[in-house]
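Right, one structure below, let's go through it.
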Amino acid sequence: MSITAPRTRMAGIGRVLVIIYAVMALAATGRSFVQIVRKFDEAPLAYTLSAIAAGVYILATLALVLAGRRGWYTVAWVAIVFELIGVIVVGVLSLAVPELFQHDSVWSVFGRGYLFIPLVLPIFGIWWLRTHRPVEARHAAEVPA
């Protein structure tokens, strides 16, 4: 009989992913705060989208840290899928209809101002969630109906 240690969710790549989400949350929050306070009237759509991105990054960071607890795994999925859809929609719109974005938002041109991390990060987040399901979700998937 072998005893295996439970897989730690916040080790290795999981920890790096959470750190990157936390850095993005801080960066997007700071950027949106400054944009909204100083010049909201110049580009309200772009600055509102930056604030939404900041909220999504905060929620995703929290949800990834707590994803092993009941309900937070689902919150992480919703936040990260919303993030991916947001980056793609805003990225396409910022290229197709640039007059909507007089100033860049966090997700403009697929996150170009953040080295395209906003485009790549949710893909890694989705991969991590798929490969690190909470214990009860794994057991539910294994039990035949």
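The values are calculated or read from the model by the stated rules, or taken from the named source; none is laboratory data. All values reported here derive from a predicted model rather than from experimental measurement. Here Cβ is always computed from backbone atoms with ideal geometry, including for glycine, and neighbour counts include all displayed protein chains.
Tabulated results
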quantity	calculated
Failed item in (1) more than 16 Å from Ala51 (Cβ to Cβ); (2) aliphatic (A, V, I, L, M); (3) modelled with pLDDT under 95, with Ile88 passing the rest	(3)
Residues that are in contact (Cβ under 8 Å) with a residue 12 or more places away in the chain and over 11 Å from Ile117 (Cα atoms), drawn from segment 17-29	Leu17, Val18, Ala22, Ala25, Ala27, Ala28, Thr29
Filtered residue count, segment 58-96, keeping only those that are in contact (Cβ under 8 Å) with a residue 40 or more places away in the chain and assigned to a helix (DSSP H, G or I)	12
Qualifying positions in segment 97-109 - within 23 Å of Phe33 (Cβ to Cβ) and part of a helix (DSSP H, G or I)	Leu100, Ser108, Val109
Residues of segment 60-109 classified as of a type in the set (Phe, Trp, Tyr) and touching a Pro at 6+ places or on another chain (Cβ under 7 Å), total	2
So Val89, is it in contact with a Ser or Thr (Cβ under 8 Å, 6 or more places away or on another chain) and either more than 20 Å from Thr29 (Cβ to Cβ) or crowded, with 21+ Cβ neighbours inside 10 Å (or both)	no
Count of segment 38-61 residues which are within 14 Å of His103 (Cβ to Cβ) and surrounded by fewer than 22 Cβ atoms within 10 Å (Cβ to Cβ)	10
Scope segment 20-37; condition more than 17 Å from Val56 (Cα to Cα) and surrounded by 18 or more Cβ atoms within 10 Å (Cβ to Cβ); matching residues	Gln35
